[in-house]
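Undergrad: Let me begin by handing over the structure; questions about it come next.
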Amino acid sequence: MDDLIRDHLYIAKYIARKYKNNNIPYEDLVQEGYIGLIQAVKHFDPDRGVKFSTYATFWVKQAILDAVTSKSRTIRLPAHIVQLKLKVFKFMENFILSLGYEPDVELIAKELQEPVAKIRQVLELTTEHTGDWEVQEDNDIEDVIEHEDEIKHAIEAIRGLSDKEKLILGMKFGFLKSL
């Protein structure tokens, strides 16, 4: 079993290379691929007449895609959206390399045989919106927001939130004691 895994580690590295640009370090993708390889070894039945490398490729790819789907973003996107995103960006990359300019949404939709609205949605959803906030513990809201008017407005807005939402904001920005 160990020899089978060791002899096929290259599969995980090869497949991980295809998913490099998904906000997950290459090494982590390879590790996820190794986990998929271990699953392939556990489930492999040589009596079915399938080569192990073919069988392992499926498990490794699934493990890596699961990691990309669940770990590449702060807010997880559904698997079918991530798959479509990968197809869109692969098409865009090939288009730019061959013709030298970025394709418009209508062309992408036509080539991928998807509705234009769905392609627009995928392009909008796949841009990560993150701020430059540093999460710190035990801050006052005054430490995070500088102007007094903004502080009053923020406190009023926070009071209108549910307890769960208040807790999430407090944990994110470290001002639990101010709430």
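Undergrad: Hey, can you tell me all the residues within the range 1-10 that are in contact (Cβ under 8 Å) with a residue 24 or more places away in the chain and more than 13 Å from F44 (Cβ to Cβ)?
TA: Within the range 1-10, just L9 meets the criteria.
Undergrad: Being under 17 Å from the mean Cα position of the chain (by Cα) and either more than 25 Å from A109 (Cα to Cα) or at pLDDT 90 or above (or both) is true for just one of Q31, Q83. Which residue is that?
TA: Q31
Undergrad: If I filter the range 64-76 for residues that are surrounded by fewer than 15 Cβ atoms within 10 Å (Cβ to Cβ), touching a helix residue (DSSP H, G or I) at 6+ places or on another chain (Cβ under 7 Å) and over 21 Å from R17 (Cβ atoms), do I get at least one hit?
TA: Scanning the range 64-76, I find at least one residue that is surrounded by fewer than 15 Cβ atoms within 10 Å (Cβ to Cβ), touching a helix residue (DSSP H, G or I) at 6+ places or on another chain (Cβ under 7 Å) and over 21 Å from R17 (Cβ atoms), so the answer is yes.
Undergrad: Let me ask you something else. For the range 80-115, which positions are within 21 Å of A16 (Cβ to Cβ) and small (G, A, S)?
TA: Matches in the range 80-115: none.
Undergrad: Of the residues in the range 28-80, how many are assigned to a helix (DSSP H, G or I) and in contact (Cβ under 8 Å) with a residue 40 or more places away in the chain?
TA: Qualifying residue count for the region: 13.
Residue-by-condition table, conditions (1) touching an Asp or Glu at 6+ places or on another chain (Cβ under 7 Å); (2) modelled with pLDDT of 80 or more; (3) under 20 Å from Y14 (Cα atoms):
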residue: T57; (1), (2), (3): no, yes, yes
residue: A67; (1), (2), (3): yes, yes, yes
residue: R76; (1), (2), (3): no, no, no
residue: A79; (1), (2), (3): no, no, no
residue: K87; (1), (2), (3): no, yes, yes
residue: K90; (1), (2), (3): no, yes, yes
residue: E93; (1), (2), (3): no, yes, yes
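The values are calculated or read from the model by the stated rules, or taken from the named source; none is laboratory data. The structure displayed is predicted, hence computed values, not measured ones. All Cβ positions, even for glycine, are placed from backbone atoms using ideal geometry, and neighbour counts span all protein chains on display.
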